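A quick write-up on the structure given underneath.
The values are calculated or read from the model by the stated rules, or taken from the named source; none is laboratory data. Not measured: the values here are computed from a predicted model. With ideal geometry, Cβ positions are generated from the backbone for all residues, glycine too; neighbour counts draw on all protein chains shown.
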Amino acid sequence: MGTLGEETVSAVVVGDVMLDSWLHGSAKRLAQEAPVPVMSLEAVEDAPGGAGNTAANLAALGARVRLVGVVGDDACGDQLVQALRLLGVETDLQAVPGRRTAHKRRLVTSGQLTARYDEEDLDVIPPEAERALLARVSAAVTGADVVVACDYGGGVFTPAVRRALAGLPLLVVDAHAVAPWVECAPAAVLPNYAEVVGLLGEVDAAADRPAYLMARSAQILAATGAGIVVTTLDGEGTLLHRAGCPPYRTYARPAPQHMATGAGDTYTAAFSLWLAAGATPEEAAEAGQAAAGVVVRRSGTSICTRYELLRALRRQEGTVQAAERLAQLLDEHRRRGERIVFTNGCFDVLHRGHVSYLEQAGQLGDVLVVAVNSDASVTRLKGPGRPLNPCEDRMSVLAALNDVDYVTEFDEDTPERLLRLIRPEIYVKGGDYTPEMLPEAPLVRSLGGEVLVLDYLPDRSTTAIIGRMRSVPGAPDGATPVPPDGIRPVPPDGVRPVPPARP
């Protein structure tokens, strides 16, 4: 899976900006004037929407972003500019006197979207505003790695503004109406299903939307004039079309419709950024889908960070990996400057102590690898009757933890072979150890890594838990409980405090 390189991508977003406001409250009675709920306003969340949301997502994903568009000469426009700057977006917005900044307010009552009302001017911008905007666009796109046009019918994209974007090396268009962009020959366009049906001049009667689009792939490419067309299918994912290749499908995790607000902007941002970074179109489509999958799990207009997207892509590739393949994947992470954290253990009965120290370990770097002793290795180390759970089950449980990025198996009594293969920047153990007690410590240091011991939760060990279980009357082996495995406090020497969690 291709991902971002180390160099920062320069992105320019041109288009219709707006402010999204989410008004949250509860309703416990009906109004006297009419049978409608009376909402008690409890909180308001404001966020950039439209092209502003695309720009905010690009910035969160690690791009250097400049946003070009128009706003009204009003307080809403000032609020939008301030919000964008706080999110790391360089704003280049033309204020148009007498024009309202687009503002979309959504009422959410007890978690349910109950109403939306919009304030916006959709008329084409006046000639003097167009001239000023053209000057801003011309200056902004020079030297940009990717230009994203967000055309939602807000009056920004006059024929002259579209012509100013024609011929750019990498122009990605997200438009409600694709037809006006044909002459620009964009690198990629991202229409939704209904927009494609309208573009083809057909009536939607398809029971199977993906099959409908696959059968018309060549027509879609010809009708848009684009090198790549991504047709979005909401909860059904996307289909990517490009000449000479069969359509490529991505799959989405279904989410309530009101949770999907802005997910298309997030998809566009990740897709565009991955293309600009040199990924294949198929890899860019997977990145877009993964990023959209992050934000549809949240309420409101949200953004996906670079860290969240890379983690989501790792989940797609698979958390459980063979050692040799894992080493290849980690080389790619290391080329991006990411720090590898490594830990190992039996994890026979996953308990609170394990979860606590894995959470701490995940905070020490960018990628957490957990190596698990094989069944034969556990038996040699712990004796007959262990493990209680087979290695496949133990790895699956670990892979489900949010802080764990990769899980692999090793059959030896020590993880030295894996340490030589993976070469972690940080080697972590949790429990009643000091770095000097770990036989692997000299090897880790010789490979340029650091050895850390994390906090231990008293009376939280697998052996102690099994001992308590077996001591219960009637439990198997109740007459011969397993003794605790030597719980004792960690001496302060050599133990470094754990830094705070990453934002």
The stretch 33-61, residues that are closer than 16 Å to Ala292 by Cα and out of contact with any strand residue (DSSP E or B) (no Cβ under 6 Å at 6 or more places or on another chain): Asn53, Asn57, Ala60, Leu61
Determine, yes or no, whether Gly98 is under 22 Å from Arg298 (Cβ atoms) and part of a loop (DSSP other than H, G, I, E, B). no
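Every residue, every condition in (1) aliphatic (A, V, I, L, M); (2) assigned by TED's automatic domain parsing to the domain that holds Leu233; (3) under 19 Å from Asp92 (Cα atoms), yes or no:
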| residue | (1), (2), (3) |
| --- | --- |
| Arg131 | no, yes, yes |
| Ala139 | yes, yes, yes |
| Thr142 | no, yes, yes |
| Gly153 | no, yes, no |
| Val156 | yes, yes, yes |
| Ala160 | yes, yes, yes |
| Trp181 | no, yes, no |
| Glu195 | no, yes, no |
| Gly201 | no, yes, no |
Counting only helices (runs of 4 or more DSSP H) wholly inside the stretch 182-271, the ones holding at least 2 residues that are without any contact (Cβ under 8 Å) to a residue 40 or more places away in the chain and closer than 29 Å to Phe157 by Cα are 193-199, 217-224
Under the condition of being among the basic types (Lys, Arg) and surrounded by fewer than 22 Cβ atoms within 10 Å (Cβ to Cβ), which residue from the stretch 58-89 is farthest from Thr101 (Cα to Cα)? Arg64
Among the numbered conditions (1) closer than 30 Å to Gly448 by Cβ; (2) part of a helix (DSSP H, G or I), tell me where Glu283 comes up short. (1)
Condition first: surrounded by 24 or more Cβ atoms within 10 Å (Cβ to Cβ) and of a type in the set (Ser, Thr, Tyr). Can you find one or more residues in the stretch 7-28 that meet it? no
Contacts under 8 angstrom Cβ, first residue in the stretch 379-407 being under 18 Å from Phe342 (Cβ atoms) and in the same structural domain as Leu326 (by TED's automatic domain parsing), partner of a type in the set (A, V, I, L, M, F, W, C) and in a loop (DSSP other than H, G, I, E, B), 6 or more apart: Arg394/Cys346; Arg394/Phe347; Arg394/Leu350; Leu398/Phe347; Leu398/Leu350; Leu398/Val404
Out of everything in the stretch 296-312 that is assigned to a helix (DSSP H, G or I) and charged (D, E, K, R), what residue ends up being farthest from Ala269 (Cα to Cα)? Arg311
Hits in the stretch 408-422 (condition: in contact with a Lys or Arg (Cβ under 8 Å, 6 or more places away or on another chain) and either part of a loop (DSSP other than H, G, I, E, B) or free of Cβ contacts under 8 Å to residues at least 12 places away in the same chain (or both)): Asp413
Only one of Pro492, Pro442, Pro503, Pro424 that is at pLDDT 95 or above, out of contact with any Asp or Glu (no Cβ under 8 Å at 6 or more places or on another chain) and of a type outside the set (Asp, Glu): Pro424
With (1) crowded, with 16+ Cβ neighbours inside 10 Å; (2) under 15 Å from Cys346 (Cα atoms) as the list, and Leu401 as the residue in question, which single condition is left unmet? (2)
Report, ordered by the first and then the second residue, all pairs with beta carbons closer than 8 Å, sequence separation of six or more or different chains, a first member in the stretch 121-143 that is basic (Lys, Arg), and a second member that is surrounded by 12 or more Cβ atoms within 10 Å (Cβ to Cβ) and outside any helix (DSSP H, G or I). Arg136/Val68; Arg136/Asp92; Arg136/Gln94
Let me confirm something: among Ala263, Ala269, Ala287, Ala226, which residue is in contact with a Phe, Trp or Tyr (Cβ under 6 Å, 6 or more places away or on another chain) and either aromatic (Phe, Trp, Tyr) or surrounded by 19 or more Cβ atoms within 10 Å (Cβ to Cβ) (or both)? Ala287
